[in-house]
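Visitor: Pasting in a structure now, in structure tokens, and then I'll have a few things to ask.
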Ligand SMILES: [Zn+2]
């Protein structure tokens with residue numbers, strides 16, 4: 001189908017045209033938090049030569065793949081925390097962006113260091129850092145571990 005692979009370039013981030021509205025909605029929402037606003041700026045203005053790519057799915061699959069600098073995101077997958085709180089799909093995107101924009105060398109070291117509560121030191125960094133900051137600003141639940149269960153919602157900013 002012509003245009004199916006069309007992407008929209010946001011500086012150093014490529015977003016598929018089909019995901020553009022979800023990305024913009026999540027970005028506008030998260031940017032009410034200054035830490036998240038800074039993460040988006042770094043993602044779109046990476047200065048170390050990396051170019052990032054966003055892909056979307058409907059499999060509750062949020063992750064960052066450092067081998068090809070791709071962020072996978074399900075824009076309709078919210079998270080129920082282990083304490084019963086709720087987090088929007090947008091907050092999940094912010095979480096993956098924080099993984100992505102950390103320097104590749106430091107992120108690799110942190111991923112290799114295990115953490116009893118957060119699985120890895122990199123998860124601890126992201127969850128206790130930007131994720132918690134944004135959750136407090138936006139009135140979402142704060143996590144105290146790297147767990148939770150996914151559930152489907154109508155928009156990237158629903159929970
Ligand atoms: Zn993570």
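Visitor: If neighbour count is taken as other Cβ atoms inside 10 Å, put 140, 44 in order from fewest to most.
Guide: Going from least to most buried by this count: 44, 140.
Visitor: Would you mind computing Rg(Cα) / (2.2 N^0.38 Å) for region 7-159, counting N as its residues?
Guide: Scaled against compact globular proteins, the figure is 0.96.
Visitor: Hey, another quick one. Is any residue of region 9-39 close enough, with backbone N under 20 Å, to a label point placed 7 angstrom from the Cα of residue 65 along the Cα-Cβ axis, and if so, which?
Guide: 9-10, 12-20, 23, by backbone N distance to the label point.
Visitor: Can you tell me the relative contact order of region 7-152? Whole percent, Cα pairs under 8 Å, sequence separation 6 or more.
Guide: Relative contact order, region 7-152: 23 percent.
Visitor: Once you keep just the Cα pairs under 8 angstrom separated by 6 or more residues, what percentage relative contact order results for region 47-89?
Guide: 31
Visitor: If neighbour count is taken as other Cβ atoms inside 10 Å, put 102, 24 in order from fewest to most.
Guide: By the 10 Å Cβ count, ascending, the order reads 24, 102.
Visitor: Note down the nm distance, to one decimal, between modelled labels 7 Å out along Cα→Cβ at residue 7 and at residue 142.
Guide: 3.7
Visitor: For residue 112 and residue 72, what does the FRET efficiency come to when R0 = 25 Å and r is the distance between their Cβ atoms, rounded to the nearest 0.05?
Guide: The calculated FRET efficiency here is 0.75.
Visitor: On to the next question. If neighbour count is taken as other Cβ atoms inside 10 Å, put 31, 77 in order from fewest to most. Provide the component values of the computation, followed by the final result.
Guide: Details: 31 16, 77 20.
With the fewest neighbours first, 31, 77 line up as 31, 77.
Throughout, read-outs are computed from the coordinates displayed, never taken from laboratory work. This is a predicted model, so every value here is computed, not measured. Every residue, glycine as well, gets a Cβ built from its backbone with ideal geometry; the counts of neighbours run over all protein chains shown.
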